[in-house]
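Visitor: Got a structure for you, questions after.
The values are calculated or read from the model by the stated rules, or taken from the named source; none is laboratory data. In this text, all values refer to a predicted model and were calculated from it rather than measured experimentally. Virtual Cβ from ideal backbone geometry, glycine too; neighbours counted across all protein chains shown.
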Amino acid sequence: MARRIFVRKPLSLIQAQADQGEHGLQRSLDGMNLLLLGIGGIIGAGIFVLTGQAAAQYAGPAIAISFIVSGIACTFAALCYAELAAMIPISGSAYTYAYATLGQLMAWIIGWDLVLEYLFGASTVAVGWSGYVSSFLRDFGLEIPAALSQAPFSHSSTDGWSATGAIINLPAMIIVGLCTALLYVGIRESAKLNNIIVVVKLTVLGLFLVFGAMHVIPENWSPFIPENTGTVGHFGVSGILRGAGVIFFAYIGFDSVSALAQETKNPQRDMPIGIIGSLCACTVLYILVSLVLTGVVKYDQLNVADPIAVAVNQAGDGLRWLRPFIKVGAIAGLSSVVLVLLMAQPRILFSMARDRLLPPGMAAVHPRYKTPHILTLGTGALSALIAGLFPIGVLGELVSIGTLLAFVIVCLGVLVLRLKEPAAHRPFKAPYIYPVAILGALSALLQMAMLPGETWLRLIVWMGLGLAIYFSYGIRKASVHG
């Protein structure tokens, strides 16, 4: 049995399953769908919240450079994801890649880890969505009681866990429920709604860029890199690097596109377009928004939950009309992130169940809608419960460490596959793969090292639970033949 943990699923078998269209998922997505799904999954809390906070606390106007640094680090991982997604066009994302390159145990570890990224990620963004919706309704005199719009538990690094007096975060649960219902009905319908949402939030951000640029005060950019305060990470060059680590959360989402390979018409061509294209587009947008934001408002005034709305107010009557649109854009943006993450999660578990690492009945496909309906409902219900009960800070840190671990394994997986199967057909080849993959893995490990010790402890506990399931069930039942 010990030898089974190292067994790899043959690449030829995975490709044959993809070519035969096995297991009933419908191929209905094209390159534009994937590009917009990637953008929909990326643009959310990062641009609408973290940009201002990172500028105020760490980098000043040089937060634009932080976005470049973090974007480059993500590009290394994106190139590796693109090569594997085009080469192994089947649902499962990093789980499937690990099974083909690093063996069954590592595949289980990454599959279990992706639950942290997608399931907890959807819950995290749903909590942010609840905050924006509550604020938006408040502008019209509609108040959601705190008992029904906040988590019943809070957590701080000094005081630990405590009760807030709230009952449940109902709006967060509602948005998860709505997205789950849509995903149950079909991937094509979900993609169409995402396309509309992406257009809305890009339009709002475009309006902010165009009209905000007219109110930029160049003196607000001076000094562009504020002098370090004497503490590492607080302005100066170290502040730019710390800011890059903090706003890394803003880039989470592009990798979820790879989980949709089995529902893409031409994954060999379209996967790289969706993964790399969405990351590049969002990086450019992030840089421009951060420059306008710190140009309209002095960076030390941006440590707020709604920095773009603050910039709109600061600009005066000439831009204040944009405030409700900014909130609508934020709500739309967060909605699409929840949708994309909930879209990716069942497909990871679908692949694991198909390989019998989980009960195979979980991999059932709806006869009419051609969606993994059992897993869609199950993960949606669990995500809604998590969103209703837990605070955003704890959830966000878990999502970051789960994502970074996935990046490490994918980058290493590309190297292993290049060495073990150099002659395999690669529709897309990442350039300069050795420095790209090594730098991708190292940059992810470095950002993991910067996360709090409590986050590492939770990761260890989560992985311990996953390994217990694997050794009690998965290793005995698994089949590399699907």
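Visitor: If you take the residues of segment 158-180 that are touching a residue at least 24 places away in the same chain (Cβ under 8 Å) and among the small types (Gly, Ala, Ser), which of them is nearest to Gly128 (Cα to Cα)?
Guide: Filtering segment 158-180 for residues that are touching a residue at least 24 places away in the same chain (Cβ under 8 Å) and among the small types (Gly, Ala, Ser), the one nearest to Gly128 (Cα to Cα) comes out as Ala172.
Visitor: Are any residues in segment 442-457 touching a residue at least 60 places away in the same chain (Cβ under 8 Å) and touching a helix residue (DSSP H, G or I) at 6+ places or on another chain (Cβ under 6 Å), and if so, which ones?
Guide: Ser443, Ala444, Gln447, Met450
Visitor: For Ile197, are the conditions met, namely being closer than 30 Å to Thr264 by Cβ, at pLDDT below 90, surrounded by 17 or more Cβ atoms within 10 Å (Cβ to Cβ) and of a type outside the set (S, T, N, Q)?
Guide: yes
Visitor: What do you reckon, is Thr294 surrounded by 21 or more Cβ atoms within 10 Å (Cβ to Cβ), over 22 Å from Leu404 (Cβ atoms) and modelled with pLDDT under 85? Spell out the reasoning first.
Guide: Values: surrounded by 21 or more Cβ atoms within 10 Å (Cβ to Cβ): yes; over 22 Å from Leu404 (Cβ atoms): yes; modelled with pLDDT under 85: no.
No: the conditions fail for Thr294.
Visitor: Being in a helix (DSSP H, G or I), without any contact (Cβ under 8 Å) to a residue 60 or more places away in the chain, farther than 17 Å from Asp113 by Cβ and among the β-branched types (Val, Ile, Thr), is that true of even one residue in segment 422-439?
Guide: Within segment 422-439, one or more residues are in a helix (DSSP H, G or I), without any contact (Cβ under 8 Å) to a residue 60 or more places away in the chain, farther than 17 Å from Asp113 by Cβ and among the β-branched types (Val, Ile, Thr).
Visitor: Sticking with this one: Name the helices (runs of 4 or more DSSP H) wholly inside segment 187-300 in which the number of residues that are closer than 27 Å to Tyr369 by Cα is 1 or more.
Guide: Numbers: elements: 187-213, 236-246, 267-296.
Where helices (runs of 4 or more DSSP H) fall fully within segment 187-300 and carry at least 1 residues being closer than 27 Å to Tyr369 by Cα, they are 187-213, 267-296.
Visitor: Out of all the residues in segment 360-372, is one or more over 22 Å from Trp129 (Cβ atoms), among the hydroxyl-bearing types (Ser, Thr, Tyr) and not in a helix (DSSP H, G or I)?
Guide: yes
Visitor: Looking at (1) at pLDDT 90 or above; (2) more than 30 Å from Ile386 (Cα to Cα); (3) crowded, with 17+ Cβ neighbours inside 10 Å, which is the one condition that is false for Leu279?
Guide: So Leu279 meets the others, but not (2).
Visitor: Would you mention how many residues in segment 326-364 are hydrophobic (A, V, I, L, M, F, W, C), surrounded by fewer than 18 Cβ atoms within 10 Å (Cβ to Cβ) and either touching a residue at least 40 places away in the same chain (Cβ under 8 Å) or more than 23 Å from Ser123 (Cα to Cα) (or both)? Lay out the reasoning, then the answer.
Guide: Filtering segment 326-364 for residues hydrophobic (A, V, I, L, M, F, W, C) gives 326, 328, 330-332, 334, 337-344, 348-350, 352-353, 357-358, 362-364.
Those still in the list that are surrounded by fewer than 18 Cβ atoms within 10 Å (Cβ to Cβ) too: 328, 362, 364.
The next check asks that each one be either touching a residue at least 40 places away in the same chain (Cβ under 8 Å) or more than 23 Å from Ser123 (Cα to Cα) (or both); those that pass are 328, 364.
Counting residues in segment 326-364 that are hydrophobic (A, V, I, L, M, F, W, C), surrounded by fewer than 18 Cβ atoms within 10 Å (Cβ to Cβ) and either touching a residue at least 40 places away in the same chain (Cβ under 8 Å) or more than 23 Å from Ser123 (Cα to Cα) (or both) gives 2.
Visitor: Here are Thr283, Thr229: which of them is among the β-branched types (Val, Ile, Thr) and within 18 Å of Val198 (Cα to Cα)?
Guide: The conditions single out Thr283.
Visitor: Take the residues in segment 420-434 that are hydrophobic (A, V, I, L, M, F, W, C) and surrounded by 16 or more Cβ atoms within 10 Å (Cβ to Cβ); name whichever of them is farthest from Ile273 (Cα to Cα).
Guide: Start the filter on segment 420-434 by keeping residues that are hydrophobic (A, V, I, L, M, F, W, C), which leaves 423-424, 428, 430, 433.
From the residues that got through so far, the ones that are surrounded by 16 or more Cβ atoms within 10 Å (Cβ to Cβ) too are 428, 430, 433.
Values: Phe428: 10, Ala430: 13, Ile433: 18 Å.
By that ranking, first place goes to Ile433.
Visitor: Follow-up. Can you give me the number of residues within segment 410-432 that are hydrophobic (A, V, I, L, M, F, W, C) and out of contact with any helix residue (DSSP H, G or I) (no Cβ under 7 Å at 6 or more places or on another chain)?
Guide: 2
Visitor: Counting only residues that are charged (D, E, K, R) and at negative phi, which one in segment 332-365 is nearest to the chain's Cα centre (by Cα)?
Guide: Applying the filter and picking the extreme gives Arg347.
Visitor: Something else: Could you list, in sequence order, the residues of segment 110-122 that are closer than 19 Å to Ala332 by Cβ and at pLDDT 85 or above?
Guide: Ala122
Visitor: Checking the condition farther than 15 Å from Met352 by Cα and touching a residue at least 40 places away in the same chain (Cβ under 8 Å), which residue from Thr96, Thr101 passes?
Guide: Details: Thr96 fails: farther than 15 Å from Met352 by Cα.
Testing whether each residue is farther than 15 Å from Met352 by Cα and touching a residue at least 40 places away in the same chain (Cβ under 8 Å) leaves just Thr101.
Visitor: Give the residues of segment 139-186 that are assigned to a helix (DSSP H, G or I), of a type outside the set (Val, Ile, Thr) and within 30 Å of Leu260 (Cα to Cα), sorted by residue number.
Guide: If the condition is that a residue be assigned to a helix (DSSP H, G or I), of a type outside the set (Val, Ile, Thr) and within 30 Å of Leu260 (Cα to Cα), then Leu170, Pro171, Ala172, Met173, Gly177, Leu178, Cys179, Ala181, Leu182, Leu183, Tyr184 are the ones that fit.
Visitor: Checking Gly393 against (1) surrounded by fewer than 23 Cβ atoms within 10 Å (Cβ to Cβ); (2) assigned to a helix (DSSP H, G or I); (3) modelled with pLDDT of 85 or more, which test does it fail?
Guide: So the condition that Gly393 fails would be (3).
Visitor: While we're looking at this one, here's another question. Picking from Val232, Val246, Val237, Val216, which residue would you name as being among the hydrophobic types (A, V, I, L, M, F, W, C), in contact with a Gly (Cβ under 6 Å, 6 or more places away or on another chain) and within 20 Å of Ala56 (Cβ to Cβ)?
Guide: Criteria check complete, one pass: Val216.
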